[in-house]
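Contents: one structure, followed by commentary.
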Number of protein chains: 2
Amino acid sequence: MKNYELILKEHSLKVTPQRLGMLSIIDYVGHITIEELFANIRKDFCSISIATLYKNINSMVEVKILKEIKISNSKSKYEILKNEHSHMVCKKCEKLEDLNLCLDITIENASKKSGYIFDENALVLFGICPECQR
Amino acid sequence: MKNYELILKEHSLKVTPQRLGMLSIIDYVGHITIEELFANIRKDFCSISIATLYKNINSMVEVKILKEIKISNSKSKYEILKNEHSHMVCKKCEKLEDLNLCLDITIENASKKSGYIFDENALVLFGICPECQR
DNA sequence: TTGCAAAACGATAATCTTTCTTGTTTATAT
DNA sequence: ATATAAACAAGAAAGATTATCGTTTTGCAA
C-alpha cells in the first residue's frame, strides 16, 4: 500500500487530509474499530468530527476501498480491501489476524449441494493463538 | 425441536410465556432479526416490552440456547443453536439459509499454517440462490 | 492563477438501537 | 400456600449512527 491519494482518486472520492489520515492509520494497524480509529485520528486531526469519520468510512466501504469485518461477540473492524482472505480471532488476547486459505473446493461443494452460485464469502475462525497457548 | 420448556429448564432459565413465544417463533422461521421478532411476537403478546425481548435474547445467547449470526451489510439474525453449520445468503432475495459443510480439512490447514488452535468458526457464503438464477 | 460548483467538513440535532432503572408481577422450590 | 428470586412493562438513559446546515475545501476549467 502507500499511495492513498491515488486510491481515492481511482474510486472517484475527493482527496482530503482526513481521508488520507484515516487510510494511513487503518493500513498501518491492519484492522481497527470505529472508536479506535476515532481516538487515533484525533491525535493528528484534533477537531475531526465523528460524523466525518462515519461518513468517510461509509463512502470508502461503498466504493470498496474498505471492508467491514463482522465478528461474533465484538465490534466490527475495518480493513483496507485487498485480495480475498479469511480471519482468525484469538479468544484470549482478542487479536484479529488475516489468514490466507483456499476455499475453492469448499465453495464448489457448497455450490453443488445448494444450487447457489457464490461470489463472496466471510470466514472467521475462533481459537487460541500460539502466544496464548503457553 | 419442540419442548421449549425443557430447553429453558435445562439451561436454568425460568419458563415464561414470553420466552416460550420467542422460541417458538424463532424455531418456526429459522432465522430472525430483533425487529422482525418484536413485530411477530407482538401479535401474541401485544404488551411485551422491547427491553424484555433484548434481555431474553441476551440471556438465551449467553446460555447457548440461541446463536447470533452476523452478516455483512445486514442486520444480525438469531437462530436456535443446533449442531455447527454454515450459512448462505442470496444477494437478490436476501434470504438466509443453513448449509452443512465439512470444514475439518480447511480448519486443520488453517491450524497448521497459523499455529492457532480453533474451536469455533463462522462462515457465510454470498451469492445467488437457484430460484433467483432464473 | 483564479473562480465556480460540487463535495466534504465540523457542530450538533435527530434517530435508531440497546441497556438500565424501578415498581409490579410471576415462576419455582419449599 | 408462601417466600424469594427472577422476569416483566414502561420509560429513562446511554450508546451508536445518520441527518441537517452553514462554512470550508477540493477539483476543474476558464
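Applying the selection to segment A:65-103, what residues are away from every other protein chain (no Cβ under 12 Å), surrounded by fewer than 19 Cβ atoms within 10 Å (Cβ to Cβ) and touching a residue at least 24 places away in the same chain (Cβ under 8 Å)? Across segment A:65-103, the qualifying residue is only A:Ile80. Confirm whether B:Ile128 is of a type outside the set (S, T, N, Q) and at the interface with another protein chain (Cβ under 10 Å from one of its Cβ atoms). Considered against the rule, which asks whether it is of a type outside the set (S, T, N, Q) and at the interface with another protein chain (Cβ under 10 Å from one of its Cβ atoms), B:Ile128 comes out as yes. Evaluate the following for A:Ser49: is it among the hydroxyl-bearing types (Ser, Thr, Tyr) and either within 12 Å of DNA strand C (Cβ to nearest atom) or in contact (Cβ under 8 Å) with a residue 60 or more places away in the chain (or both)? When the stated conditions are applied, A:Ser49 passes them.
So is B:Ser47 polar (S, T, N, Q) and part of a strand (DSSP E or B) or not? Break it down into steps so the answer makes sense when it comes.
On the way: polar (S, T, N, Q): yes; part of a strand (DSSP E or B): no.
In short, no.
Hey, does segment A:2-20 have a residue that's within 14 Å of the chain's Cα centre (by Cα) and either away from DNA strand C (no atom under 14 Å from the Cβ) or more than 14 Å from every other protein chain (Cβ to nearest Cβ) (or both)? Checking segment A:2-20: not a single residue is within 14 Å of the chain's Cα centre (by Cα) and either away from DNA strand C (no atom under 14 Å from the Cβ) or more than 14 Å from every other protein chain (Cβ to nearest Cβ) (or both). One residue stands out among those in segment B:74-126 that are assigned to a loop (DSSP other than H, G, I, E, B), more than 20 Å from A:Ser114 (Cβ to Cβ) and of a type outside the set (Gly, Ala, Ser): the one that is nearest to the chain's Cα centre (by Cα), which is B:Leu81. Looking only at residues in segment A:1-28 that are surrounded by 13 or more Cβ atoms within 10 Å (Cβ to Cβ) and within 20 Å of A:Leu96 (Cα to Cα), the one that is farthest from DNA strand D (Cβ to nearest atom) is A:Asp27.
Taking the conditions (1) within 14 Å of chain B (Cβ to nearest Cβ); (2) within 15 Å of DNA strand D (Cβ to nearest atom) in turn, A:Leu53 satisfies each one other than (1).
Restricting segment A:37-50 to residues that are under 27 Å from A:Asn83 (Cβ atoms) and more than 11 Å from DNA strand D (Cβ to nearest atom), which is surrounded by the fewest Cβ atoms within 10 Å (Cβ to Cβ)?
So in segment A:37-50, the residues under 27 Å from A:Asn83 (Cβ atoms) come out as A:37, A:40-41.
Narrowing further to those that are more than 11 Å from DNA strand D (Cβ to nearest atom): A:40-41.
Numbers: A:Asn40: 16, A:Ile41: 21.
Out of the qualifying residues, it is A:Asn40.
For the criterion of being more than 12 Å from DNA strand C (Cβ to nearest atom) and of a type outside the set (Lys, Arg), A:Glu94 passes. Kindly indicate whether any position in segment B:58-65 is outside the structural domain of B:Cys102 (by TED's automatic domain parsing), away from DNA strand C (no atom under 15 Å from the Cβ) and not in a strand (DSSP E or B). Yes: one or more hits. Among the criteria (1) within 12 Å of DNA strand C (Cβ to nearest atom); (2) closer than 27 Å to A:Leu123 by Cα, the one A:Ile41 does not fulfil is (2).
The values are calculated or read from the model by the stated rules, or taken from the named source; none is laboratory data. The structure presented is a predicted model; accordingly, all values stated were derived computationally and were not measured. No Cβ is skipped: glycine too gets one built from the backbone with ideal geometry, and neighbour counts run over all protein chains shown.
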